[in-house]
Amino acid sequence: MNLSHYVETLNLLGDESRIRLCVLLRERELCVSDLVRVTGMAQSRVSTHLARLREAGFVWDRRQGSQCFYGLAVDALPTTAKAVLDGAEAGGDATLLGDQKRLQELEAERREGLPESVTHELERYYSPGRTWQSLAIGIAALLELGDVLDVGSGDGAAASSLAPRCRSLTCIDSNARMIELAKERLARFSTVTAQVADVHALPFPKASFDAVMMFHTLTYAEKPARALAECARVLRPGGRMVLLCLHRHQQHEVTARYGELHPGFTPRAVRQLLTTAGLDVQVSEIASREAKKPHLEVVLAIGDKHPTKRSHS
């Protein structure tokens, strides 16, 4: 970082209010109303400071419903900025300590009162039975699906929620041990089959499925473009593919142990891959961000096969 960048960083953090916001956003994501309540600043002032921090790349934002949440872009911060924030937090400043105390009070109040914002942060607020698993089962109950292919099904955890809603469900994975576990988990469903298969050469005729789901498989595929082309090939005209994958990241030390071959994909890259495979992309966007470090993000993409369009082989 050259001298001008040092000066820009110091100018940006030369305002007490921006340091307060950065410290609050360092370990958790918060919305503007949270920050207003904790800091006592006017909403317009908080929004102005957040806009400047975001423009400088110090802060990221994520929209969920009508709410917009912010967090500190820790991994992208210049060394100078990290040093300033570390020093501020370690100094025992009364203002920063007061912010932390009010934030803890706000979170305690929410745990007791379960406000409306809780619907956007399920993992942060608990009530008996209110889990992601139960939510997934409830949402799946709204579906009426045809013939579905689960690519990279693993042990069948996701498939078990969808199986009752499918006319047929076919699970494939390249790991024989995972397929055995999937067979055990899904044995009670007569319409489900599980088999070892390679996504790069699917053992099914073209136009075999009404829907294809690929959840967190693309980063493990040796040839992502070929894998998606195969998925499009076996999809029926008018069918839909739903894909989840990690957003492009730098956390190789976290994901490498799981055998990841690619460091995630940007929404733009996923859109291009699906388009090249012959699908009409309806959505390709960052859909979620993990609350815990390293805050990995997940891309959701939806691609439809046009009734008259042929997928690329």
Note on the range 149-165: residues at pLDDT 95 or above and either over 23 Å from the mean Cα position of the chain (by Cα) or of a type in the set (Asp, Glu) (or both) are Asp150
Expected single match for part of a helix (DSSP H, G or I), of a type in the set (A, V, I, L, M, F, W, C), modelled with pLDDT under 80 and under 29 Å from the mean Cα position of the chain (by Cα) among Ala81, Ala108 is Ala108
Considering residues that are touching a residue at least 12 places away in the same chain (Cβ under 8 Å) and not in a helix (DSSP H, G or I), the number found within the range 1-25 is 4
The condition of being within 21 Å of Asp173 (Cα to Cα) and at pLDDT below 95 holds, among Glu290, Glu285, Glu297, Glu222, only for Glu222
Would you mind stating whether Leu274 is of a type outside the set (S, T, N, Q) and part of a helix (DSSP H, G or I)?
yes
When Ala256 is run through (1) aliphatic (A, V, I, L, M); (2) part of a loop (DSSP other than H, G, I, E, B); (3) surrounded by fewer than 14 Cβ atoms within 10 Å (Cβ to Cβ), the failure sits at (2)
When every residue in the range 17-55 that is surrounded by 12 or more Cβ atoms within 10 Å (Cβ to Cβ) and acidic (Asp, Glu) is compared, the one nearest to Thr79 (Cα to Cα) is Glu27
Output for Cβ contacts, cut-off 7 Å, separation at least six or different chains, first residue without any contact (Cβ under 8 Å) to a residue 24 or more places away in the chain in the range 212-238, second surrounded by fewer than 23 Cβ atoms within 10 Å (Cβ to Cβ), reads Lys223/His200
Note to self: Given the condition part of a helix (DSSP H, G or I), surrounded by fewer than 17 Cβ atoms within 10 Å (Cβ to Cβ) and more than 14 Å from the chain's Cα centre (by Cα), answer yes or no: does some residue in the range 230-249 qualify?
What the structure shows: no
For this session: Can you confirm whether the range 62-70 contains a residue that is in a helix (DSSP H, G or I) and either out of contact with any Cys (no Cβ under 9 Å at 6 or more places or on another chain) or at pLDDT 85 or above (or both)?
Result: no
Reported set for the range 127-176 where residues are polar (S, T, N, Q) and not in a helix (DSSP H, G or I) is Ser127, Thr131, Ser153, Ser168, Thr170, Ser174, Asn175
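The values are calculated or read from the model by the stated rules, or taken from the named source; none is laboratory data. Everything numeric here is computed off the predicted structure, so don't read it as measured data. Don't worry about glycine lacking a Cβ; one is built from the backbone with ideal geometry, like all the others, and counts go over all protein chains shown.
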